[in-house]
1. Output the residues belonging to the stretch 51-72 that are of a type outside the set (Val, Ile, Thr), surrounded by fewer than 19 Cβ atoms within 10 Å (Cβ to Cβ) and touching a helix residue (DSSP H, G or I) at 6+ places or on another chain (Cβ under 8 Å).
2. Filter the stretch 91-113 down to residues that are surrounded by 14 or more Cβ atoms within 10 Å (Cβ to Cβ) and of a type in the set (Phe, Trp, Tyr) and give me whichever is nearest to Glu135 (Cα to Cα).
3. Please specify each residue of the stretch 6-50 satisfying the condition of being open to solvent by less than 50 Å² (accessible area, probe 1.4 Å) and part of a strand (DSSP E or B).
4. Among all residue pairs at least 6 apart or on different chains, which show Cβ distances below 8 Å where the first residue, located in the stretch 38-57, is farther than 12 Å from Ala23 by Cα and the second is in a helix (DSSP H, G or I)?
Amino acid sequence: MEYLEFKITCNQDFTEILIAELAEVGFDSFLETDDGVEAYIQEDLFDREAYDQVIQQYHEAAEISVVEGKMPKVNWNEEWEKHYDPISIGKEVYVRASFHAPKEDVKYDILINPKMSFGTGHHATTYLMLSHQLEVSHEGKSMIDIGSGTGILAIMAHKLGANHIEAFDIDNWCVENGNENFELNGMNKVKMGHGTIREVNPKGPFDIVMANINKNVLLDEMEIYVSLMKPDANLFLSGFYEHDIPDLQYRAESLGLRLKGQKVKDNWAAIVFERG
């Protein structure tokens, strides 16, 4: 499997936007750098026209320049060790790779060996979802993580006391990486599934349903999410911008949910709904 490499130099304010836009057109791996972002995609999945549209859209405003190449086979753990720093969420959560020392004064220590997967806690949407999780009781509850990536939200649910956890992703690499991360965090009984929500067809119902994907997918699948919710269950959504909140809120409320809370970081948003 050969990966194409795009070293993108850009205005730092646009880094996360470009990551989100490129993820929409098939890119599945990113490294943020001091100059911008390095983006990777399997050669056989690359759509030149879709890629060009994204770059052209932000070219002038973000002052973009790109160096293209083909990625040689590398040790991804070594690459991540060069670029990956631990993150803290308040004084409660510390997300680190196995090559970082633990902190003794945090309540929840999460181990992530990110490899090429999305969802390390560095992106605003993951950070916001983790923050929301800290405010909702998980003890003894069931949880499903839709589009799980590295599995970090499922791991957080485990740390918070959830007793039944399911997770899946459409990307094979994420599934492999997620299962490794589950084992690192003592979740040997949880195995990440592969496919879309319609392909996986989870049965539920769940106390907590989480999806950090993108606006269009969330709107398309929200009726399925609601069908998986127990009475009084919570639905956590992210992967969209602050200005998208009204569209998602309208759709959720039309399905009988009520807004419970919302958070915003770097123009990204995460919202929590409750089923009545």
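The values are calculated or read from the model by the stated rules, or taken from the named source; none is laboratory data. Model, not experiment: these values are computed from the prediction. In this analysis, Cβ positions are derived from the backbone assuming ideal geometry, glycine residues included, and neighbour counts consider all displayed protein chains. All accessible areas refer to the heavy atoms of the entire protein, side chains included, with ligands and DNA or RNA removed. Shrake-Rupley method; radii C 1.70, N 1.55, O 1.52, S 1.80 Å.
1. Hits for the stretch 51-72 are Gln57, Tyr58, Ala61, Lys70.
2. Ranking the qualifying residues of the stretch 91-113, first place goes to Tyr108.
3. Hits for the stretch 6-50 are Phe6, Ile8, Ser29, Phe30, Leu31, Gly36, Val37, Glu38, Ala39, Tyr40, Ile41, Gln42.
4. Taking only residues 6 or more apart or on different chains, the pairs are Gln57/Glu21.
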